[in-house]
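Participant: Quick one: structure below, then a few questions.
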Ligand code: GLN
């Protein structure tokens, strides 16, 4: 039986009906099999598929039907205009996180030392290094698997990033930075099992952060000042409804605390400068 692109997409859409964006995913997966951009495929919908292409498409549909994330199947995701390799070793770079990257970039000057804490796939560290080539970027993560993926991404994108493995600041004792950026785990433990099926397939280590989701912010608020130069900047991504609580956690060690929205208009970033104790220690000027 002869199948065209159009036939295959119709069948796939029906098969993926439980998946949130079935038609779009069906298109991305078929374009991936054909090795052409999705738009090129769509202008030639009467193209006939070979048996091998049909078999390859079937295999990918089976994975997507099981709710494996689209980006793990396609193997890449764009972040800040760069293509990052994605697989189950790390969280998939999110569009929302570009707001965090933009905010951090505002503070990075030539020669600055920048730290991406909990780097995962390396997206933030690598994008910052590519966009601020004179910065010296370090990326850390507790997961050796995530760091292996981040290293592959740095190499593929030609980014000079130094990597460190360990729990938060533990591999960075005695080191200071001008800018610390972090998208730490921030989902409350109690939501485990209730998230979108695709998110549940990402590493739990990258997602969950104690009863209220704030465990990592508590530790970062306490530990980051010692790792920042005077007036150093801390930029954090926060989960839904967490911005106010995170800003409050930063009050002791930081000033100029700002909450910024992502492009969907949701509070997504908390940005703050390390407090200068000597300048004013609580007494009015
Ligand atoms: N933004 C991710 C999500 O909502 C969570 C990432 C994180 O915990 N840092 O699925």
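The values are calculated or read from the model by the stated rules, or taken from the named source; none is laboratory data. Quick caveat, the model's predicted, so the values are computed rather than measured. Here Cβ is always computed from backbone atoms with ideal geometry, including for glycine, and neighbour counts include all displayed protein chains.
Yes/no matrix, rows are residues, columns are (1) over 30 Å from residue 159 (Cα atoms); (2) within 24 Å of the chain's Cα centre (by Cα):
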{"site": "32", "(1), (2)": "no, yes"}
{"site": "47", "(1), (2)": "yes, no"}
{"site": "66", "(1), (2)": "yes, yes"}
{"site": "72", "(1), (2)": "no, yes"}
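Participant: Going by the structure shown, is residue 240 in contact (Cβ under 8 Å) with a residue 12 or more places away in the chain, over 22 Å from the mean Cα position of the chain (by Cα) and farther than 19 Å from residue 114 by Cα?
Facilitator: It is false that residue 240 is in contact (Cβ under 8 Å) with a residue 12 or more places away in the chain, over 22 Å from the mean Cα position of the chain (by Cα) and farther than 19 Å from residue 114 by Cα.
Participant: Of the numbered conditions (1) assigned to a loop (DSSP other than H, G, I, E, B); (2) within 24 Å of residue 272 (Cα to Cα); (3) within 16 Å of the ligand (Cβ to nearest atom), residue 220 satisfies every one except a single condition; which is it?
Facilitator: Evaluating residue 220 over (1) assigned to a loop (DSSP other than H, G, I, E, B); (2) within 24 Å of residue 272 (Cα to Cα); (3) within 16 Å of the ligand (Cβ to nearest atom) leaves (1) as the failure.
Participant: Being away from the ligand (no atom under 16 Å from the Cβ) and either in contact with a strand residue (DSSP E or B) (Cβ under 8 Å, 6 or more places away or on another chain) or at pLDDT below 95 (or both) is the filter here; which residues of the stretch 223-245 pass it?
Facilitator: Within the stretch 223-245, the subset away from the ligand (no atom under 16 Å from the Cβ) is 223-233, 244.
Passing the criteria: 224, 225, 227, 228, 229, 230, 231, 232, 233, 244.
Participant: If you go through the stretch 116-146 one residue at a time, how many are part of a helix (DSSP H, G or I) and either surrounded by 23 or more Cβ atoms within 10 Å (Cβ to Cβ) or under 11 Å from the mean Cα position of the chain (by Cα) (or both)?
Facilitator: Of the stretch 116-146, the ones part of a helix (DSSP H, G or I) are 123-131, 144-146.
Narrowing further to those that are either surrounded by 23 or more Cβ atoms within 10 Å (Cβ to Cβ) or under 11 Å from the mean Cα position of the chain (by Cα) (or both): 123-129, 146.
Total satisfying the criteria: 8.
Participant: Among (1) farther than 18 Å from residue 245 by Cα; (2) part of a loop (DSSP other than H, G, I, E, B); (3) within 11 Å of the ligand (Cβ to nearest atom), there is one condition residue 193 misses while meeting the rest; what is its number?
Facilitator: Exception for residue 193: condition (3).
Participant: Another question, if that's okay. Any residue at all in the stretch 197-205 that is touching a helix residue (DSSP H, G or I) at 6+ places or on another chain (Cβ under 6 Å) and either surrounded by fewer than 20 Cβ atoms within 10 Å (Cβ to Cβ) or assigned to a helix (DSSP H, G or I) (or both)? Even if it seems obvious, please write down each step before you answer.
Facilitator: Taking the stretch 197-205 first, the residues touching a helix residue (DSSP H, G or I) at 6+ places or on another chain (Cβ under 6 Å) are none.
No, the stretch 197-205 has no match at all.
Participant: Additional query: Among the residues of the stretch 87-100, are any part of a helix (DSSP H, G or I), surrounded by fewer than 19 Cβ atoms within 10 Å (Cβ to Cβ) and either within 16 Å of the ligand (Cβ to nearest atom) or modelled with pLDDT of 95 or more (or both)?
Facilitator: yes
Participant: Report yes if some residue within the stretch 233-245 is exposed (fewer than 14 other Cβ atoms within 10 Å of the Cβ) and assigned to a helix (DSSP H, G or I); otherwise report no. Break it down into steps so the answer makes sense when it comes.
Facilitator: First, the residues of the stretch 233-245 that are exposed (fewer than 14 other Cβ atoms within 10 Å of the Cβ): 240-241, 244.
Now narrow it down to the ones that are assigned to a helix (DSSP H, G or I): 244.
Yes - at least one qualifying residue is present in the stretch 233-245.
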